[in-house]
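Below is one structure; the comments refer to it alone.
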Amino acid sequence: MPDYQELFEKIPDGITLHDAEDGSLLDANEQFGKMLGYSRDELLELNFEDLIADESPYTSERAEEYIRKAATEGPQTFEWRDKTKSGETIPVEVHLRQTTLDGQQRILAVVRDITDRKERERELKRKNERLEEFASVVSHDLRNPLTVAQGRLDLAREECDSDHLTVVARAHDRMETLIEDLLALAREGETTMELEDVALADVTARCWQNVETADATLYIDTTHTIRADHARLQQLLENLIRNAVEHGGTDVTVKIGALADGFYIEDNGPGIPEETRARVFEAGYTTADGGTGYGLQIVNEIAVAHGWEIDVTEANDGGARFEITGVTLRE
C-alpha cells in the first residue's frame with residue numbers, strides 16, 4: 001500500500017490521483033468509489049473517460065484541460081458532473097492540485113458530492129421566483145384597486161360628511177400597511193446585503209422619527225457600532241419600535257441597550273405571555289388591533305439574513321424584550 005493510501009481513506013470526500021501529463025486515473029479512495037457505486041478495484045480497471053458525464057460541457061477533453069492547468073497554472077476549483085455505475089450523473093465540486101508522490105508529478109483531485117447543495121439552490125430559485133410573482137401581484141393587482149377606492153373616497157367626502165367614510169378610510173390605511181408589509185416580506189429574500197459600520201444610537205434615533213410614537217419615550221443606552229445592512233437594520237428597528245407602541249400604548253417607554261454580542265429593545269408595556277412568545281415571529285400572528293401580523297416576521301427575516309439570533313423574553317419591568325445576538329461589533 002502506498003504511503004498516502006491511509007490518508008486517502010481517512011478523508012470523507014472522494015479522492016483521485018491522476019497522471020500530470022495525460023490525466024489518466026492512477027488511484028482512488030473507497031469514498032470516491034462509494035460515491036459512484038464502484039468498489040475501489042472496479043475503479044482502477046476503468047478508464048478516466050468512464051467516470052465523466054460526457055455531456056457538454058462535461059467532456060473528457062474539458063477535464064484533461066483542467067488537469068493541465070493544475071499542472072501549469074496552479075490549483076483549480078470547479079463544478080462538474082460525474083457518471084455513476086448505474087449510468088446516472090451527479091453534481092460534484094472538484095479541487096485539483098499538483099503534488100509529488102514517489103518522485104513523480106501527480107494531480108490530486110478532491111471530489112465532493114454536491115447533490116444536496118444543488119437541490120437547495122434549485123429550491124431557493126423556485127422560492128424566489130414565487131416570491132417575485134407574489135410581489136408583482138401585491139404591488140399591482142392589489143395596489144391599483146386600492147388606489148381607485150381611495151380616490152373614490154376622496155370624491156365621496158367632497159359630497160358628504162359621514163362617520164362611515166372615516167371607517168372606510170381606516171380600512172384603506174390598514175390595507176395599505178398590509179400591502180407594504182407583504183411587499184417587504186416578499187422582497188426580503190431577493191435584496192443584496194451591503195454591510196457597513198452603523199452607529200446603533202444614530203440609526204435608532206432616526207427610526208424613532210419615522211414611526212408614529214405619540215407620547216412614547218425613547219431611551220438609548222448603547223454606543224455600539226455594528227456591521228449591518230443599513231436599510232434592513234432601519235426596517236428592523238422601526239418594526240420593533242412600532243410593535244412596542246402598538247402593544248404598549250401611546251405613552252410607552254422604549255429602551256435600546258447594549259449586549260456583549262448585540263443589542264436589545266425593550267418596553268414597559270404589558271409584555272408577551274410566555275406561552276405565546278414562540279408564535280410572535282409567525283406570519284399573520286398578531287394581538288394588536290389593526291396589526292398585520294407581518295412586522296415581527298420581517299424582523300426575524302432580517303435578523304436571519306444577517307446571521308443574527310433573535311429571542312423574545314421579559315423586560316425587567318415586565319414589558320417585552322427582544323434580544324438580537326451574534327452581531328459583529330466595531331470598536
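Read-outs throughout are calculated quantities, based only on the coordinates presented, and are distinct from any laboratory measurement. None of the values given here were measured: they were computed from a predicted structure. When we count neighbours, we look across all protein chains shown, and the Cβ atoms used for this are built from the backbone with ideal geometry, even at glycine.
Summary of computed values
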quantity	calculated
Under Karplus coefficients 6.51, -1.76 and 1.60, residue-wise ³J(HN,Hα) of the stretch 21-33 in Hz, glycine/proline x	8, 10, x, 4, 6, 9, 6, 7, 8, 5, 4, 5, x
Percent RCO, i.e. relative contact order, over the chain, from Cα pairs under 8 Å lying at least 6 residues apart	11 percent
Degrees separating the helix 230-248 axis from the principal Cα axis of the chain, which is the longest one	40 degrees
Over the stretch 9-82, equivalent-ellipsoid semi-axes from the Cα gyration tensor in Å	20, 14, 12
Potential lengthening between Thr250 and Lys125 on full extension [0.36 nm per residue; Cα-Cα distance subtracted]	40.7 nm
Interchain or long-range residues, amide H under 5 Å from Asp27's placed H	Leu17
Along each principal axis, Cα extent of the chain, largest first, Å	91, 47, 38
Relative packing of peptides 296-302, 140-146, 219-225, 60-66 - highest average C-beta neighbours within 10 Å first	296-302, 60-66, 219-225, 140-146
Where Cα atoms sit under 20 Å apart: lysine pairs in the chain separated by 8 or more or lying on different chains	6
